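Q: Please see the structure below; I have some questions.
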Amino acid sequence: MAETTTAGAKARLYDAFAASGKALASGKRLELLDLLAQGERTVDALAKAAGLNLTTASAHLQTLKQAGFVATRREGVRIHYRLAGDDVAQLFALLRKVAEAHQAAVPAARDAYLGSDDALEVTRDQLYARVEAGHVVVLDVRPVEEYLAGHIPGAVSIPVQELAGRINELPEDAEVVVYCRGEYCVLAYDAVRLLTDRGRRAIRLNDGMLEWRLAEMPVHTGELA
């Protein structure tokens, strides 16, 4: 009888673990976690950024909330979502790396999305050293609201869709280090290609704001630079 009871308790425990896995079993829910890793957002903003209608976005967010991955706060009639903790961001980042290492379809899908180029990359530590020495212009090409929620100290904000029209705001003789949301964010790739085509010296941070935060590197909030 005791063995049966123990087996039942073990099954319930593993079913509870599996509930978390089920909540992650959607590409759109992972995309919402990616967006929330950049900062708190309303349902409307998340739906727009993820290309979802409001009803579908709300349903996905409720699934993530039930699994404990996101938390909410109310401001009037608006509901704001945020990640429930840094451990959720760590889980999301690790899931992507494990999938890339062990799922054959991921590298090809990654390359098809990000594109291929010969741009140089720098690590977080290399970038931090260059920033401290004042040797580079750091360019954040995420949407402005993500920049305001947290950015690399000293970074200039020019969203990628505005870059072609604002390129003259960047010093012509400077090396520009571009970053966006994370390692799998296409915005930095697009920005580097545009800058290079315009004759600028541009390189990428080899990951992005998600990994920068998780590494506990310095982060500034607010104020456009």
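The values are calculated or read from the model by the stated rules, or taken from the named source; none is laboratory data. Every value quoted in this text rests on a predicted model; they were computed, and no experiment measured them. Cβ coordinates were reconstructed from backbone atoms using ideal geometry, including for glycine residues, and neighbour counts include every protein chain displayed. Accessible surface areas use protein heavy atoms only, side chains included; no ligands, DNA or RNA. Shrake-Rupley method; radii C 1.70, N 1.55, O 1.52, S 1.80 Å.
Q: For region 162-185, name all the residues that are in contact with a helix residue (DSSP H, G or I) (Cβ under 8 Å, 6 or more places away or on another chain) and small (Gly, Ala, Ser).
A: 164, 182
Q: Conditions first: (1) part of a loop (DSSP other than H, G, I, E, B); (2) in contact with an Asp or Glu (Cβ under 7 Å, 6 or more places away or on another chain). Residue 203 passes all but one, so which condition is the exception?
A: (1)
Q: Which condition breaks for residue 113 when tested against (1) at negative phi; (2) open to solvent by less than 80 Å² (accessible area, probe 1.4 Å); (3) under 21 Å from the mean Cα position of the chain (by Cα)?
A: With (1) at negative phi; (2) open to solvent by less than 80 Å² (accessible area, probe 1.4 Å); (3) under 21 Å from the mean Cα position of the chain (by Cα) applied to residue 113, the lone miss is (2).
Q: For the subset of region 201-225 comprising residues that are free of Cβ contacts under 8 Å to residues at least 60 places away in the same chain and open to solvent by 50 Å² or more (accessible area, probe 1.4 Å), which member is nearest to the chain's Cα centre (by Cα)?
A: Here the answer is 216.
Q: Quick one: how many residues across region 181-200 are open to solvent by 30 Å² or more (accessible area, probe 1.4 Å), in contact (Cβ under 8 Å) with a residue 40 or more places away in the chain and assigned to a loop (DSSP other than H, G, I, E, B)?
A: Final tally of qualifying residues: 3.
Q: Among the numbered criteria (1) within 28 Å of residue 47 (Cβ to Cβ); (2) in contact with an Asp or Glu (Cβ under 8 Å, 6 or more places away or on another chain); (3) of a type outside the set (Gly, Ala, Ser); (4) assigned to a helix (DSSP H, G or I), which single criterion is violated by residue 82?
A: For residue 82, the exception is condition (4).
Q: Sort through 73, 78 and tell me the only one that's modelled with pLDDT of 95 or more, over 23 Å from residue 191 (Cβ atoms) and surrounded by fewer than 17 Cβ atoms within 10 Å (Cβ to Cβ).
A: 73
Results for (1) open to solvent by 60 Å² or more (accessible area, probe 1.4 Å); (2) part of a helix (DSSP H, G or I); (3) in contact with a His (Cβ under 6 Å, 6 or more places away or on another chain), shown as yes or no for each residue.
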site	(1), (2), (3)
14	yes, yes, no
18	no, yes, no
29	no, yes, yes
35	no, yes, no
47	no, yes, no
65	yes, yes, no
